[in-house]
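J.: Below is the structure I would like to discuss, written out as structure tokens.
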Amino acid sequence: MSVSTASDVTYADIVAARARIDGGIIRTSCQESAALSELCGATIFCKTEYLQRTGSFKERGARNALLLLDAAMRKRGVIAASAGNHALALAYHGRELSIPITVVMPKGAPLVKQTRCHAFGAKVVLHGQNIAEAKVKADEIAVEEKLTYIHGFNDAAIISGAGTIGLEIIEQVKNVDAIVVPVGGAGLIAGLAIAVKEKNPRVKVIGVEPERCPSLHNALQAGHPVDAWHGATLADGLAVPQVGDRAFALARERVDEVVTVREEHIALAILRILELEKGVVEGAGAVGLAAFLAGKLNSLHGKRVAIVLCGGNIDPMMLTRVIERGVVLDERMAQFTAVISDRPGGLAELAATIAHVGASVKQIEHDRTFGGADVSTVMVKCTLEVRDGDHLSQLRAALVAKGIRIISESKPLED
């Protein structure tokens with residue numbers, strides 16, 4: 001399908017998509033979060049797209065696109081290049097609609113997503129080192145097998161399906177002032193902005209991207225899509241080096257602002273949603289909250305704001321690392337090396353001091369061999385859990401008062 005203009009996806013297309021996919025996707029909630037509202041200084045509503053059956057908003061566009069295929073296309077099947085949520089959405093709804101699905105994934109695609117696509121009945125082809133190389137292979141297979149290629153963020157039907165989120169938010173959040181939207185290839189924000197600006201032009205639509213891959217931000221500055229790849233990001237679902245040309249044409253006149261966020265704020269946002277909302281989101285789903293935590297959305301203080309939590313497909317091992325990283329950034333875990341007496345009772349005094357302050361020992365390493373010239377002392381590396389930065393300061397003061405010298409303290413690396 002050719003792409004070009006800013007008018008080839010319309011509000012009517014989004015309304016039609018909503019009727020078309022009704023009953024096949026979940027109308028996710030968008031409830032006020034008292035905890036996040038207090039944290040952000042605005043009245044925050046969370047659009048919980050991570051609760052879709054395959055864990056992301058991608059189901060809306062995928063089902064819409066599949067339902068628009070004619071009988072011959074359905075019989076031959078569909079193909080896409082994707083390492084993540086688009087592949088899962090197509091695989092699931094292809095099974096539901098009895099449409100054969102082939103997904104081409106890079107060789108390094110997460111095993112859990114490969115397995116889930118297989119479980120949904122899709123044919124999974126592994127090719128290339130990245131999504132661009134996978135796309136080349138998918139195009140070849142599409143020609144050879146006469147399959148219909150469905151683009152993950154630049155296809156008109158995908159954008160229309162994504163836009164149904166905007167219709168729902170307007171209905172669910174009365175007098176909403178702004179909607180904060182994750183941006184990767186810009187299909188979601190393009191469709192949502194069309195719907196929202198048609199219903200209520202005063203509502204601000206704000207995009208958020210990882211600082212390491214600011215594809216829409218750079219495209220808006222250049223006036224056209226440009227390569228913006230900077231490096232790997234925790235928000236891997238948004239790591240799209242270049243926005244789609246159709247998506248960009250639709251979004252550029254409708255999006256009010258685009259901000260970028262650093263990796264540490266994405267990690268903290270995942271942790272905050274887990275702790276305060278009891279929700280598990282991936283990095284892409286957390287960038288909206290990350291923008292508040294980073295102070296990028298102070299203009300929305302006191303406003304009614306909906307945040308799109310677009311996906312929840314985070315690898316369990318990665319989630320563990322994110323939680324640990326988040327508590328360190330939050331100054332709730334500390335690591336330092338102290339010098340103590342090597343006489344009986346030296347280690348006990350250290351442990352007693354830590355306990356008296358109310359900190360919790362996670363790990364202690366006792367090192368005589370590399371402790372320096374003074375054989376009457378020993379170095380001890382301590383990893384501790386504390387309440388916050390103030391509590392950590394109290395612990396430092398208590399150790400100094402006992403004559404226990406801290407010679408080094410680990411700090412999280414800057415992004």
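J.: Mind checking the dipole of the chain: about its Cα centre, +1 per Lys or Arg Cβ, -1 per Asp or Glu Cβ, Debye to the nearest 20?
T.: In debye, rounded to 20, the chain gives about 800.
J.: Next up: For the charge dipole of the chain, defined by +1 on Lys and Arg C-beta atoms and -1 on Asp and Glu C-beta atoms about the Cα centroid, which residue among Met379, Gly166, Ile364 has the Cα displaced farthest towards the positive pole?
T.: With unit charges placed on the Cβ atoms, the residue in question is Gly166.
J.: Turning to a different aspect of this structure: Suppose the chain between Ser341 and Ala19 were pulled fully straight at 0.36 nm per residue; how much longer would it get relative to their current alpha carbon spacing?
T.: Length difference between fully extended and current span is 108.5 nm.
J.: OK, next. Over 5 Å intervals from 0, what percent of Cα-Cα pairs in region 331-409 sits in each interval?
T.: Result returned by the calculation: 3, 16, 30, 28, 14, 7, 2, 0.
J.: Does anyone have the angle between helix 85-97 and the longest principal axis of the chain? Alpha-carbon axes, 0 to 90°, nearest 10?
T.: Helix 85-97 and the main axis of the chain meet at about 50 degrees.
J.: Excluding residues fewer than 8 places away in the same chain, name every one of the lysines whose C-alpha is closer than 28 Å to that of Lys296.
T.: Qualifying lysines at Cα under 28 Å: Lys47, Lys58, Lys174, Lys197, Lys199, Lys204, Lys278, Lys411.
J.: Which lysines, if any, have their Cα less than 17 Å from the Cα of Lys137, not counting same-chain residues under 8 positions apart?
T.: Here the lysines satisfying the reach criterion relative to Lys137 are Lys107, Lys123, Lys146.
J.: Have a look at Pro100, Pro110, Pro210 and tell me which one the Gaussian network model of the chain (Cα, springs below 10 Å) gives the largest fluctuation.
T.: Pro110
J.: How much net charge surrounds Gly187 when only other residues with a Cβ under 11 Å from its Cβ are counted (Lys, Arg +1; Asp, Glu -1)?
T.: Once all neighbours under 11 Å are counted, the net charge is +2.
J.: Would you mind telling me which residue in Ser98, Ser215, Ser393 has the biggest mean-square fluctuation in a Gaussian network model of the chain, where springs connect alpha carbons within a distance under 10 angstrom?
T.: Ser393
J.: A further question on this structure: Quote the charge dipole size of region 58-149 about the Cα centre in Debye, to the nearest 20; the model charges only the Cβ of Lys and Arg (+1) and of Asp and Glu (-1).
T.: 240 debye
J.: Rg and Dmax of the chain, Cα atoms, in Å?
T.: 24.9, 83
J.: Provide the gained length on full extension for the span Asp367 to Ile323, in nm with one decimal, where the gain is 0.36 nm per separating residue minus the Cα-Cα distance.
T.: Using 0.36 nm per residue and subtracting the Cα-Cα distance, I get 13.0 nm.
J.: Next up: Roughly what angle does helix 187-199 make with the longest principal axis of the chain, taking Cα atoms, 0 to 90 degrees, to the nearest 10?
T.: Rounded to the nearest ten degrees, it is 70.
J.: Now for a different question. Starting from the Cα coordinates of region 263-317, work out the convex hull volume and express it per residue in Å³.
T.: Given the Cα convex hull of region 263-317, per-residue volume reads 79 Å³.
J.: While we're on this one: Within a Cβ distance under 11 Å of Leu297, other residues only, what is the Lys/Arg minus Asp/Glu net charge?
T.: Summing Lys and Arg as +1 and Asp and Glu as -1 gives +2.
J.: Rounded to the nearest 10 degrees, what's the angle between the helix 346-357 long axis and the longest principal axis of the chain, both from Cα atoms, 0 to 90?
T.: Computed tilt is about 60 degrees.
J.: When the Kirkwood radius is taken over all Cα pairs of region 191-243, what Stokes-Einstein diffusion coefficient follows at 4 °C and 1.567 mPa s, in µm²/s?
T.: For these conditions, the coefficient is 106 µm²/s.
J.: Stretched out fully, how many nm does the piece from Val136 to Asp227 gain, at 0.36 nm a residue minus the Cα gap?
T.: 31.0 nm
J.: How large are Rg and Dmax for region 147-233 when calculated on the C-alpha trace, in angstrom?
T.: Rg, Dmax (Cα atoms, Å): 14.1, 44.
J.: Put one equal scatterer on each alpha carbon of region 1-76, apply the Debye formula with no solvent term, and list log10 I(q)/I(0) at q = 0.16, 0.23, 0.27 1/Å to two decimals.
T.: Relative scattering, expressed as log10 I(q)/I(0), comes to -0.79, -1.10, -1.19.
Where a number appears in this text, it was derived from the coordinates with a stated rule and is not lab data. This structure is a prediction, so every number in the text was calculated from the model and none was measured. Ideal geometry is used to build each Cβ from the backbone, glycine not excepted, and the neighbour counts take in all protein chains shown.
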